[in-house]
Amino acid sequence: MTRQSELRIEGLEASAGGSPILRGVNLVIRSGEVHAVMGPNGSGKSTLSHVLAGRPGYEVTGGSVTLDGVDLLAMEPWERAQAGLFLALQYPIEVPGVQLNDVLEASFAAGGHDPSTVPTVVGAEAERIGLDQRLLHRALNVDLSGGEKKRSETLQLAVLRPRIAVLDELDSGLDIDALRDCAQRVEALSDEGLGVLAITHYSRLLDELRPDVVHIMVKGEIRESGGPELAARLDVEGYAAWQLPNEDIPADPVDDPFADPFADPLA
Ligand code: ADP
Ligand code: MG
């Protein structure tokens, strides 16, 4: 990759359903860098990813976001994707009737690449990421396990080769093997120049995907940025270390063996 890219988020404020969620977020992610944004449940991590991708339902009330100097927030979601931004959703969406290859061929064609190369590239990536080739001919994400969905998201990332990838809890719903395979694939892409914003609640993802910078996000703002040692400190002290006096941080939800890890909490 020759061109250096930069995603620049300055003073970003956004609200959802009339409530302020993001309260002035500053982040700069460049080609080849891995940034981790860690925070407790409800701190606004997914909101940040949705606002960057242009999901409807959020109001940007302040600040700016540029990709290579161009105003990202003024673009339609598909224009953001064409400009080189990729979002792996925390809860990948099932799309009945549409195969993975269809999506990737349409993306290639829209980006001016030869779509006839997609099946070969996808086959090679499926092999590399450990995604069963038979799943490539199922409807997108339909009846895939949590781990298969995240392998599929990672495959799409590797095939589409964006400039900057936002990964929202790539580790949620993953067993340890899938976590390692996905994290190592992303790490290799970052070595080739991909800029990564990895959103995660737990530090286990970062054992495999080594971040250059770790940001702790609480209540819609980044409270501290530092090296990987911040994630290590988080493991010992929990998010309470970044809590303000009189602020309550939601406890981790009790693991519910019957809960659907991919249910949309906002649905
Ligand atoms: P995280 O990903 O860090 O767990 P989210 O960004 O999903 O946090 O949510 C942050 C807060 O914003 C939560 O309190 C959530 O309920 C609220 N929120 C997110 N999206 C919406 C929405 N569309 N409407 C109303 N509230 C929302
Ligand atoms: Mg989230």
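Every listed requirement among (1) open to solvent by 60 Å² or more (accessible area, probe 1.4 Å); (2) within 18 Å of Ala158 (Cβ to Cβ); (3) in a loop (DSSP other than H, G, I, E, B) is met by Leu131 save one, (1). Restricting region 247-259 to residues that are open to solvent by 80 Å² or more (accessible area, probe 1.4 Å) and at pLDDT 55 or above leaves a set whose member that is nearest to the chain's Cα centre (by Cα) is Asp252. Would you check if there is a residue in region 127-141 being of a type in the set (Asp, Glu), touching a residue at least 24 places away in the same chain (Cβ under 8 Å), more than 16 Å from ligand 1 (Cβ to nearest atom) and at negative phi? No, that holds for no residue. The set of residues in region 106-116 that are surrounded by 13 or more Cβ atoms within 10 Å (Cβ to Cβ) and assigned to a helix (DSSP H, G or I) comprises Ala106, Ser107, Phe108, Ala109, Pro115. For region 177-204, the candidate set comprises residues that are within 26 Å of Arg23 (Cα to Cα) and among the hydrophobic types (A, V, I, L, M, F, W, C); within that set, the residue that is farthest from ligand 2 (Cβ to nearest atom) is Val196. Look at Val34 and say whether it is touching a strand residue (DSSP E or B) at 6+ places or on another chain (Cβ under 7 Å), more than 14 Å from Ile222 (Cα to Cα) and not charged (D, E, K, R). Here the answer is yes, as Val34 does meet what is asked. Assess whether Gly220 counts as being within 20 Å of the chain's Cα centre (by Cα), modelled with pLDDT of 95 or more and under 20 Å from His50 (Cα atoms). So Gly220 fits the description; yes.
The values are calculated or read from the model by the stated rules, or taken from the named source; none is laboratory data. Keep in mind that what you see is a predicted model, and the values were worked out from it rather than measured. Because the Cβ atoms are built from the backbone with ideal geometry, glycine has one as well, and the counts that use them run over all protein chains shown. Accessible surface areas use protein heavy atoms only, side chains included; no ligands, DNA or RNA. Shrake-Rupley method; radii C 1.70, N 1.55, O 1.52, S 1.80 Å.
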